[in-house]
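The values are calculated or read from the model by the stated rules, or taken from the named source; none is laboratory data. Keep in mind that this is a model prediction, so the values were computed, not measured. Note: ideal-geometry Cβ built from the backbone for every residue, glycine included; neighbour counts use all protein chains shown. Heavy atoms of the whole protein, side chains included, go into the accessibility calculation; ligands, DNA and RNA do not. Shrake-Rupley method; radii C 1.70, N 1.55, O 1.52, S 1.80 Å.
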Amino acid sequence: YQRRVHGVMWKLTGIIDESQISLGVGVLGMPGSTAYGGLIDVLRPQKGEVIFVSAASGAVGGLVGQLAKKVYDCKVIGSAGGEEKCRLLKEKLGYDFAIDYKKVKDANELAKEIKAASADGIDMYFENVGGMHLDASLATMKRGGRVALCGFISSYNESGPVVAHLDVRQLIYNAVRLEGFIATPWLSGQKGSFLKDMSGWWKEGLLQVQETFFDGIEQWPLAFQSLFTGANTGKVVVRV
């Protein structure tokens with residue numbers, strides 16, 4: 001079995017069978033390699049550090065939190081929309097703290113929730129959302145903090161440039177690093193050992209895979225829409 005995305009092909013034969021083919025577009029595909037590369041090579045976690053993950057119940061965020069907790073022994077704080085998703089973070093994915101972003105009105109309130117989970121602030125932020133999540137993470141970032149810029153879903157429908165509110169002096173004097181990235185180097189095997197490592201952790205039971213299925217090609221508009229409405233948990237898969 002092989003998958004191709006933007007000219008990148010990765011081989012899954014010998015790793016999964018046909019009944020598990022959806023994993024090739026999830027934990028063993030683009031979302032998995034995004035989580036893998038962003039956490040391991042961009043954020044470079046150390047044992048005991050604190051990470052905040054937005055869209056924490058999504059295809060990428062859910063894997064980031066599990067890797068940070070179960071592989072790197074970090075303290076993990078996640079943001080998700082609604083009580084059900086917050087329960088999932090703590091009860092199934094191993095997050096230490098879950099913040100329901102639907103119950104906060106702005107970055108200041110979100111920052112207070114982050115500080116309530118970790119009074120000293122955070123060492124790392126995995127960015128999937130943008131907006132108040134980025135503002136709150138920078139406001140609670142420790143000296144030497146790192147931000148992996150992966151997605152900005154709160155602004156995907158905007159036609160103009162995405163504007164972020166950055167206090168450059170804070171970034172300089174606190175030695176905070178922001179780094180944007182895409183999955184290609186890890187998905188293609190140019191960096192790291194993505195398929196070997198992720199398939200191994202999955203087979204060991206360290207990673208819980210969340211998927212939301214839609215059956216039939218005619219369902220793809222609803223599947224796509226679910227990414228923006230929060231109707232999905234984990235990876236959205238259309239079965240045809």
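Structural remarks
- Among the protein heavy atoms, those of residue 92 account for about 100 Å² of accessible surface (1.4 Å probe, every chain in place).
- Accessible-area value, residue 214, 1.4 Å probe, nucleic acids and ligands omitted, Å²: 40 Å²
- Residues 212, 184, 13 ordered from highest to lowest accessible area at a 1.4 Å probe: 13, 184, 212.
- Across the options 32, 57, 77, the greatest Cα extent toward the positive end of the charge dipole of the range 1-133 (unit charges at beta carbon of Lys, Arg, Asp, Glu) belongs to 32.
- With every protein chain in place and a 1.4 angstrom probe, the accessible-area ranking of 173, 36, largest first, reads 173, 36.
- Cα shape, the range 85-221, gyration tensor, a/c 1.5 rule: rounded
- For residue 133, the accessible area of its heavy atoms, probed at 1.4 Å with every protein chain present, is near 10 square angstrom.
- Amide H contacts of residue 99: 78, 79, 80, each under 5 Å away and 5 or more positions distant or on a separate chain (H built 1.01 Å from N in the peptide plane; Pro and chain starts excluded).
- Near residue 214, the amide H atoms lying under 5 Å from its own belong to 237, 238, 239; only residues 5 or more places off or on other chains count, and H is placed 1.01 Å from N.
- Accessible area per residue, Å², the range 11-77 with all protein chains present, probe 1.4 Å: 31 Å²
- Accessible surface of the range 100-240 [probe 1.4 Å, protein heavy atoms]: carbon and sulfur percent: 53 percent
- List 115, 142, ordered by accessible area with a 1.4 Å probe, largest first: 115, 142
- Shape category assigned to the range 157-240 from the gyration tensor of Cα positions, a/c cut at 1.5: oblate
- Remark: the Cα gyration tensor places the range 39-158 in the rounded category, a/c being less than 1.5.
- Dipole of the chain, positive direction: furthest Cα of 88, 190, 118, with charges on the beta-carbon: 190
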